[in-house]
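Below: one structure, written as structure tokens.
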Amino acid sequence: MPNLEIHQFPCLSDNYGVLIHDAENNLTASIDAPEASAVKQALAEKGWTLTHILTTHYHADHTGGNLELKGETGCTIVGPRAEADRVPGIDVLLGDGDSYDFGAFTAKVFDTPGHTAGHITYWFPKASLCFAGDTLFTLGCGRVFEGDAQTMWTSLSKIRALPPETVVYSGHEYTQSNAAFALTVEPGNAALQARAQEISEMRAKGEPTVPTTLSRELETNVFLRPDSAEIRTNLGMEDAEDYEVFGAVRAAKDNA
């Protein structure tokens, strides 16, 4: 079976860059391009040549390296159709329900608006990988800048429905603060308590908390758990719709 190699590296202040490499077809994609110099250094370390950039959304801390990298490598820039006018150098426009072939692997594309109006997520079923950009974080989710709680909950629900073994990569290292907040929302969640301790130990050693698995997020990420009786009781929202509970959790984090 073909192998999709992955190399994650820090960049900017708290971003992660990710390279994926299909050795059989000699293809390498950068998932977003936060910073050209960091991407180039990662490519040099691995001995890979950039052929693609798979863009999740237009924000500068995800597209800042696009034009420099494209100018030097001629790579194909793939990104959200709904943000085509805002993604530098975009060549291939994708949206909900589209597929994109990357060598021996095919990415299924979901529209996941909320953080931005045109944000997309890439899911590689054969590799059990999801690249969620700033929609879903380890123990968190993106701020809702261009949408409302119902829009963002619909987007998160698409990721939530993927197979639980799916490995989820996201754009930032926010997990320690996410864990501290989550414990104020669902303090009785034993899995969350254990995970918060584990994350503190990982960060003390400088270890990344990304990627995660969807199964762990379903157990511990309060933004994916509006059906939790404890969260609903703590918020006084026992009879609310899931998106309303999610919205209250997101608002509480925004104001924390």
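No lab work stands behind these numbers, since they all come straight from the coordinates. The structure displayed is predicted, hence computed values, not measured ones. Cβ placement follows ideal geometry from the backbone for every residue including glycine, while neighbour counts extend to all protein chains displayed.
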Requested in this report: Would you mind stating whether P125 is under 22 Å from I53 (Cβ atoms) and surrounded by fewer than 17 Cβ atoms within 10 Å (Cβ to Cβ)?
Outcome: yes
**Report entry** the stretch 137-167, residues that are touching a helix residue (DSSP H, G or I) at 6+ places or on another chain (Cβ under 6 Å), surrounded by 20 or more Cβ atoms within 10 Å (Cβ to Cβ) and not in a helix (DSSP H, G or I)
**Finding:** T138, L139, G140, C141, V144, T166
Query raised in the report: Can you tell me which residue in the stretch 213-250 is nearest to the chain's Cα centre (by Cα), limited to those that are under 18 Å from L183 (Cβ atoms) and without any contact (Cβ under 8 Å) to a residue 12 or more places away in the chain?
Result: A229
Report task. Return a yes/no flag: does the stretch 204-214 have any residue that is more than 22 Å from F9 (Cβ to Cβ), charged (D, E, K, R) and in contact with a helix residue (DSSP H, G or I) (Cβ under 9 Å, 6 or more places away or on another chain). Result -> no
Query raised in the report: What is the number of the single condition among (1) within 14 Å of the chain's Cα centre (by Cα); (2) surrounded by fewer than 16 Cβ atoms within 10 Å (Cβ to Cβ); (3) not aliphatic (A, V, I, L, M) that G133 does not meet?
Result: (2)
Query raised in the report: If we scan the stretch 117-136, do we find a residue that is part of a loop (DSSP other than H, G, I, E, B), more than 19 Å from L156 (Cβ to Cβ) and basic (K, R)?
Result: no
